[in-house]
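The values are calculated or read from the model by the stated rules, or taken from the named source; none is laboratory data. Being a predicted model, the structure only gives us computed values, none of them experimental. Neighbour counts are summed over all protein chains in view; Cβ atoms, including those assigned to glycine, are modelled from backbone coordinates with ideal geometry. Quick note on the areas: whole protein, heavy atoms, side chains included, nothing else; ligands and nucleic acids left out. Shrake-Rupley method; radii C 1.70, N 1.55, O 1.52, S 1.80 Å.
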Amino acid sequence: MSDAVQAKGPKLPPTYPPKSPPPPKRPVEAPRPQPTTKPAAVVERPRPRMTIRNRPTRALTFRSDQWAPAKAAAAAVKTAHEWGYPLINTDDLTTSVRILAEAAVVAGGRRLSLHLADQDQRLLALVLAHTPAHTDDTTLHTVGALRSVAACGTDTDDADGLRLWALLETQPPKTTTRST
């Protein structure tokens with residue numbers, strides 16, 4: 001028998017690669033989800049709407065035309081007197097409301113709103129243009145130069161539109177007397 005084994009020759013490894021088994025028909029385990037590497041999203045908070053609470057208020061709406069500033073100024077003076085502010089500087093109140101309303105009319109839109117509020121012997125006059133717009137700085141400089149205006153400002157919001165406001169003192173400034 002040894003001759004028969006030698007006749008076949010020595011046993012050598014094959015020179016071709018062995019046949020690999022076929023892949024399984026179904027995966028053994030479902031692939032696990034990979035975490036996404038997106039940048040952290042910026043949390044955008046909705047802009048708080050303006051609210052006036054726990055004080056007397058008056059809201060008036062006017063059609064945005066050339067007569068609206070005069071009507072708004074007259075309504076503001078009437079409201080201040082109804083609230084018991086006889087010493088308020090009516091010229092400054094009239095001028096500030098008229099200038100703010102004129103800026104709202106120039107901004108465009110079909111209407112404008114005048115909101116008045118009272119707190120701590122001060123009167124807030126807020127004019128809404130109801131359209132997103134910007135105003136020039138001369139409006140605020142003119143209103144801020146008035147004697148009884150404590151503060152003024154502007155703000156633009158997509159929901160309310162252009163907001164212009166002025167805070168007025170309702171009492172005349174105390175004068176100091178000099179003694180000689």
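Scan region 89-106 for residues that are in contact with a Leu (Cβ under 8 Å, 6 or more places away or on another chain) and either closer than 16 Å to A150 by Cα or open to solvent by 50 Å² or more (accessible area, probe 1.4 Å) (or both) and the total you get is 7. If I ask for residues that are in contact (Cβ under 8 Å) with a residue 24 or more places away in the chain, open to solvent by 80 Å² or more (accessible area, probe 1.4 Å) and either closer than 13 Å to L123 by Cβ or of a type in the set (G, A, S) (or both), which ones from region 64-88 would you list? Scanning region 64-88 gives a single hit, L87.
Condition first: modelled with pLDDT under 70 and not in a loop (DSSP other than H, G, I, E, B). Can you find one or more residues in region 22-36 that meet it? Scanning region 22-36, I find no residue that is modelled with pLDDT under 70 and not in a loop (DSSP other than H, G, I, E, B), so the answer is no.
Put simply, of T61, T94, T138 the only residue that is without any contact (Cβ under 8 Å) to a residue 40 or more places away in the chain and over 17 Å from G153 (Cβ atoms) is T94. Taking region 49-58 as the range and being of a type in the set (S, T, N, Q) and either within 15 Å of S113 (Cα to Cα) or in contact (Cβ under 8 Å) with a residue 60 or more places away in the chain (or both) as the test, the residues that pass are T51, T57. Scanning region 91-140 for residues that are part of a strand (DSSP E or B) and charged (D, E, K, R) yields R111, D118, R122.
Do we find that T154 is modelled with pLDDT under 90 and part of a strand (DSSP E or B) in this structure? Here the answer is yes, as T154 does meet what is asked. Residues of region 45-59 include at least one that is at pLDDT 70 or above and touching a helix residue (DSSP H, G or I) at 6+ places or on another chain (Cβ under 7 Å).
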